[in-house]
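Q: What follows is a single structure, and I will ask about it in a moment.
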Amino acid sequence: MSPSRRITITASALLVMCLTASVLLLRQIDRERTGTTLEEVLYISSPTLLKRMSLGYDGLLADIYWTRAVQYFGDKLTRGSEHFDLLAPLLEITTTLDPHLLVAYEYGANFLAPKFPEGAGQPLRAIKLAEFGIRNNPNQWHLYYDLGFIYYFDLEDYAKAEKAFADGAKLPRTHQIMPIMAAKMAEHVGNIQTARLMWVTTLQTTLDPNVKANAVAHLNALQVDEDVTTLERLTSHYREKTGHLPQSFADLEAANLLRGIPTDPLGHTYKLMPDGRVEVRVPDDLPFIEKGTPIGYIPPRTPKLPPVN
Amino acid sequence: MSGRIVHIASNTFREAVRDRVLYNLIAFALLMSGAAILVGQISIGIERLVVINLGLTAVSLFGIVIAIFIGIGLVSKEIDKKTLYTVLSRPVRRWEFIVGKFFGLAGTLVVNAFFMALGVFAALLYVSRHFQASDGWVLVALYFIILQFLIITALALLFSSFSSPLLSAVFAFALFVIGTFAEDLRGFAGLTKGIVRWLATGAAYLVPNFSALNVISSVAHEQPVAGQLILSNTAYALVYAGMALCGAVLIFERRNLK
């Protein structure tokens, strides 16, 4: 073997060894550092300064910050952390860099507003974000819808929800649901039908599969809540009539109170418990339900959303 | 354009290709294909936006770096290698040499931008599955980026006609950064009074206005670009590049090459 070839082989082998060693060492270093050191840092917190520093390439920087916000929220949600300290600043930076990035307002508000574990539980920051979006994109009815949605679901402020829907209804290009929602808010109709109307509208107006899955999960949950309420009322009625609780749904059917064995939106039959309560068979498959869960049930950290075609 | 200018321009283009300048297209192709495939998996709802923003930003930044680092060496390299004397000993005027160099580098950048544009549209087709009418505005943004290249190339030539390559690079890059703040500078001038106002206003109009030539974010959001702006920007870039080129010619004509 010539000296030149020997050097080539030795140098190549050393290069591969050093590369492997550096990767292994970096993995070791990552394990030694705390998660906080790695994540909870926003080196530049001023959106205006970042916009200046972008040298006009603010669109790309906004996309990077939006991706960072999505990753931050997803990671926190998966870990079950209740602290989302950087989420609102990341979204504010994103939307200042690109005030027309509609996806950041629509998803961002939905990340911020709902209570944990569905969201960050920061409805006021979500409202601030949605209002900033409306100021910069005044003709987008969807942003008014999102604002009304937060006021209705998360703050139960019907007057402000009504104003948001009514403002959105006045736009030249709006959705037919907007004046209907404004009227419902004016009546202070905070019932299941109103909630169902809003989720159906969300389902029909979005193209995003994740939003569709979330809307379907909420519609399923509303159906379960309504079914369980009705079935438990029928059970009470049966008890009043006969003096004892039914053993099964067949008893209710025999008493002409029910037609057939009731099933949940996923097709599983409901369970009638000995104490007269009604439960779903697989509560993990029905996130967001408020009724029909076993006593002491703790929902999974990350809601299991249904597949949507 | 005289035949001599065409010869100098074509030689400048060939030299840039021989210097492997177009190798940046490989990095660009990797960047675009990586972005097109990965972004959908790590973000939400911005696949198309990222392809346009990243693609046009890369076209712009790659081109500006090439314009500065090739542009600053166009004159000094010829002097260092003594090839300038061979060229000027022939019936070639100094201004023809400068103008030829300008068109050569501008041509290189246009060819480079053309191939990158093909990459941007291929990635766009990959993420959107089809083209739409608003994608035409991406071509306008690309055109504005080429106008930026003309200005930067002329400035790099201007600085290289009297300064060392290192200082020329610093001057050209500094002017690019200041040019992106041109509108802020004008706003600042409006807040001052007296002689400071005159000086600040003069400086604001003297530096190139790159912010008007950047419509990347707008076209990414499918917002149209006004025809009047296209005309005005074209005229402005040609006038500004012409001004810098005239400065380079004036300095180079008087430069002692002995």
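Q: Identify, from the list A:Pro274, A:Pro294, the residue that is within 22 Å of A:Glu118 (Cα to Cα), without any contact (Cβ under 8 Å) to a residue 40 or more places away in the chain and exposed (fewer than 14 other Cβ atoms within 10 Å of the Cβ).
A: Working: A:Pro274 fails: within 22 Å of A:Glu118 (Cα to Cα).
The conditions single out A:Pro294.
Q: Considering only residues that are away from chain B (no Cβ under 14 Å) and under 30 Å from B:Ile216 (Cβ atoms), which ones fall in segment A:103-126?
A: Of everything in segment A:103-126, those that are away from chain B (no Cβ under 14 Å) and under 30 Å from B:Ile216 (Cβ atoms) turn out to be A:Leu112, A:Arg125, A:Ala126.
Q: Out of A:Ala62, A:Ala13, A:Ala21, which single residue is among the aliphatic types (A, V, I, L, M) and surrounded by 13 or more Cβ atoms within 10 Å (Cβ to Cβ)?
A: Working: A:Ala13 fails: surrounded by 13 or more Cβ atoms within 10 Å (Cβ to Cβ); A:Ala21 fails: surrounded by 13 or more Cβ atoms within 10 Å (Cβ to Cβ).
Checking each option against the conditions leaves just A:Ala62.
Q: Going through A:Asn220, A:Asn210 one at a time, which residue ends up being at pLDDT 90 or above and under 19 Å from the mean Cα position of the chain (by Cα)? Walk me through how you get there before you give the answer.
A: Values: A:Asn210 fails: at pLDDT 90 or above.
Of the residues listed, the single one that is at pLDDT 90 or above and under 19 Å from the mean Cα position of the chain (by Cα) is A:Asn220.
Q: Can you name every residue in segment A:59-102 that is among the polar types (S, T, N, Q), within 12 Å of another protein chain (Cβ to nearest Cβ) and either touching a residue at least 24 places away in the same chain (Cβ under 8 Å) or in contact with a His (Cβ under 6 Å, 6 or more places away or on another chain) (or both)? Quick ask: steps written out before the conclusion?
A: Going residue by residue through segment A:59-102, those that are among the polar types (S, T, N, Q) are A:67, A:71, A:78, A:81, A:94-96.
Imposing the further condition that a residue be within 12 Å of another protein chain (Cβ to nearest Cβ) reduces the set to A:67, A:71, A:94.
A:Thr94, the sole residue that qualifies.
Q: Return the residues of segment B:166-182 that are closer than 20 Å to B:Leu199 by Cβ, in contact (Cβ under 8 Å) with a residue 12 or more places away in the chain, within 10 Å of chain A (Cβ to nearest Cβ) and in a helix (DSSP H, G or I); say none if nothing qualifies. Outline the logic, then answer.
A: Filtering segment B:166-182 for residues closer than 20 Å to B:Leu199 by Cβ gives B:171, B:174-175, B:177-179, B:181-182.
Now restrict to residues that are in contact (Cβ under 8 Å) with a residue 12 or more places away in the chain: B:171, B:175, B:178-179, B:181-182.
Next cut, within 10 Å of chain A (Cβ to nearest Cβ) only: B:179, B:181.
The one that is closer than 20 Å to B:Leu199 by Cβ, in contact (Cβ under 8 Å) with a residue 12 or more places away in the chain, within 10 Å of chain A (Cβ to nearest Cβ) and in a helix (DSSP H, G or I): B:Gly179.
Q: Further question: Of all helices (runs of 4 or more DSSP H) completely enclosed by segment B:18-102, which ones contain at least 3 residues that are over 18 Å from the mean Cα position of the chain (by Cα), modelled with pLDDT under 80 and within 11 Å of chain A (Cβ to nearest Cβ)? Working first, answer last.
A: On the way: elements: B:24-42, B:47-71, B:73-80, B:83-88.
It comes to B:24-42.
Q: Just to check your reading of the model, which residue among B:Leu84, B:Leu88, B:Leu105, B:Leu124 is in contact (Cβ under 8 Å) with a residue 40 or more places away in the chain and more than 22 Å from B:Ile8 (Cβ to Cβ)?
A: B:Leu124
Q: Mind listing whichever residues of segment A:204-232 are charged (D, E, K, R) and free of Cβ contacts under 8 Å to residues at least 24 places away in the same chain? Can you show your working first?
A: Applying the first criterion (charged (D, E, K, R)) to segment A:204-232 yields A:208, A:212, A:225-227, A:232.
The one that is charged (D, E, K, R) and free of Cβ contacts under 8 Å to residues at least 24 places away in the same chain: A:Asp208.
Q: Out of segment B:184-210, which residues are surrounded by 14 or more Cβ atoms within 10 Å (Cβ to Cβ), within 14 Å of chain A (Cβ to nearest Cβ) and either in a helix (DSSP H, G or I) or touching a residue at least 40 places away in the same chain (Cβ under 8 Å) (or both)?
A: Residues satisfying the conditions are B:Leu185, B:Phe188, B:Pro208, B:Phe210.
Q: Being basic (Lys, Arg) and buried (at least 17 other Cβ atoms within 10 Å of the Cβ) narrows it down to one of A:Lys304, A:Lys241, A:Lys212, so name that one. Spell out the reasoning first.
A: Values: A:Lys304 fails: buried (at least 17 other Cβ atoms within 10 Å of the Cβ); A:Lys241 fails: buried (at least 17 other Cβ atoms within 10 Å of the Cβ).
Just one listed residue meets the conditions, A:Lys212.
Q: Would you be able to say whether some residue in segment A:179-201 is of a type in the set (Asp, Glu) and in the same structural domain as A:Gly276 (by TED's automatic domain parsing)? It would help to see each step written out before you state the result.
A: Here is the first cut: in segment A:179-201, the residues of a type in the set (Asp, Glu) are A:187.
Going one step further and asking which of them are in the same structural domain as A:Gly276 (by TED's automatic domain parsing), we end up with none.
No - not one qualifying residue is present in segment A:179-201.
Q: Are any of the residues in segment A:88-99 assigned by TED's automatic domain parsing to the domain that holds A:Asp58 and not in a helix (DSSP H, G or I)?
A: Narrowing segment A:88-99 to residues assigned by TED's automatic domain parsing to the domain that holds A:Asp58: A:88-99.
Narrowing further to those that are not in a helix (DSSP H, G or I): A:98-99.
Yes, that holds for at least one residue.
Q: Which residue out of A:Leu197, A:Leu207 is outside any helix (DSSP H, G or I) and closer than 21 Å to A:Asn220 by Cβ?
A: Values: A:Leu197 fails: outside any helix (DSSP H, G or I).
Only one candidate passes the filter, namely A:Leu207.
Q: Further question: Would you confirm, using the coordinates I've provided, whether B:Ile146 is away from chain A (no Cβ under 13 Å) and touching a Leu at 6+ places or on another chain (Cβ under 8 Å)?
A: Details: away from chain A (no Cβ under 13 Å): yes; touching a Leu at 6+ places or on another chain (Cβ under 8 Å): yes.
So B:Ile146 passes the test.
The values are calculated or read from the model by the stated rules, or taken from the named source; none is laboratory data. Because the structure is a prediction, the values reported are computed rather than measured. Methodologically, a virtual Cβ is constructed for each residue, glycine included, from the backbone with ideal geometry; neighbour enumeration extends over all protein chains shown.
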